[in-house]
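What follows is a short report on a single structure.
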Amino acid sequence: MNFLVLVSGNGSNLQALIDAERAGRFAPLGAGNGAASPEKEGRIAAVLSDRAGVFALERAKTAGIPALTEEPDRRLVQPGERQRDLSRRILCAAREWKADLIILAGFLSILRGEIIREYEGRIINIHPSLLPKYGGPGMYGDRVHRAVLAAGEKESGCTVHLVDEGTDTGSILLQRTIPVLAEDTVETLAERIHQEEHVAIVEAAAAMVAKLRKPE
Ligand code: GRF
């Protein structure tokens, strides 16, 4: 079962997936290291970034995983057109690498069009808030944590959800919650949620492998 992992930055969530794969977390239960049925084991087939030179690509290369870059075409001035063009190229990569599951692990572009339909129920995204709160267009990175602190929320966390035509609107697969502390800053809150993301993305990918795995 092939994963295509989409990234835009540091790639610590990608690293969590790489480490989990090595630890046998995506192997069928009771299959030991999974070697008995490698076709049922989840593996990162390729990593694709929408920006060149990011550290996530280095992490992929270090792990011996093909590292691809597909940047948005700046000549396309309409955001919708740009998103659809990039999404088409990512769909081509997904087909080429025979991806069964697409994982958005800190991916900042929006996917639109055919890829959403062709991979319906097989694209997951991690978001650093308890959706549906603090999601939607423009809600990413520190903006999320700043809004959570400004609203005086008592708790926050992260969500892994299926990707649909909207932005952060797909069905929720799992959430991890942490308390917001009185002394929290954007940085401390972001850091603690990031740690939870590393657990959540692995759990969600493992659950998807189990769900998508063909029966014996
Ligand atoms: C994470 O906070 C994720 O939720 C958000 O982007 C960040 C990516 O972190 N979408 P990393 O690149 O995986 O370290």
Check: Where in the stretch 37-110 are the strands (runs of 3 or more DSSP E), entirely inside, with at least 1 residues that are in contact with a strand residue (DSSP E or B) (Cβ under 7 Å, 6 or more places away or on another chain) and over 24 Å from Gly121 (Cα atoms)?
Finding: 67-69
Next item on the list: Of the numbered conditions (1) under 21 Å from Asp19 (Cβ atoms); (2) over 15 Å from the mean Cα position of the chain (by Cα), Cys158 fails exactly one; give the number of that condition.
Entry: (2)
Next item on the list: Would you mention how many residues in the stretch 71-96 are of a type in the set (Gly, Ala, Ser) and open to solvent by 60 Å² or more (accessible area, probe 1.4 Å)?
Entry: 0
Checklist line | the stretch 115-135: number of residues that are away from the ligand (no atom under 11 Å from the Cβ) and either small (Gly, Ala, Ser) or over 20 Å from Leu149 (Cα atoms) (or both) | finding: 10
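The values are calculated or read from the model by the stated rules, or taken from the named source; none is laboratory data. Not measured: the values here are computed from a predicted model. Neighbour counts are summed over all protein chains in view; Cβ atoms, including those assigned to glycine, are modelled from backbone coordinates with ideal geometry. Areas reflect the complete protein model, heavy atoms only, side chains present, ligands, DNA and RNA absent. Shrake-Rupley method; radii C 1.70, N 1.55, O 1.52, S 1.80 Å.
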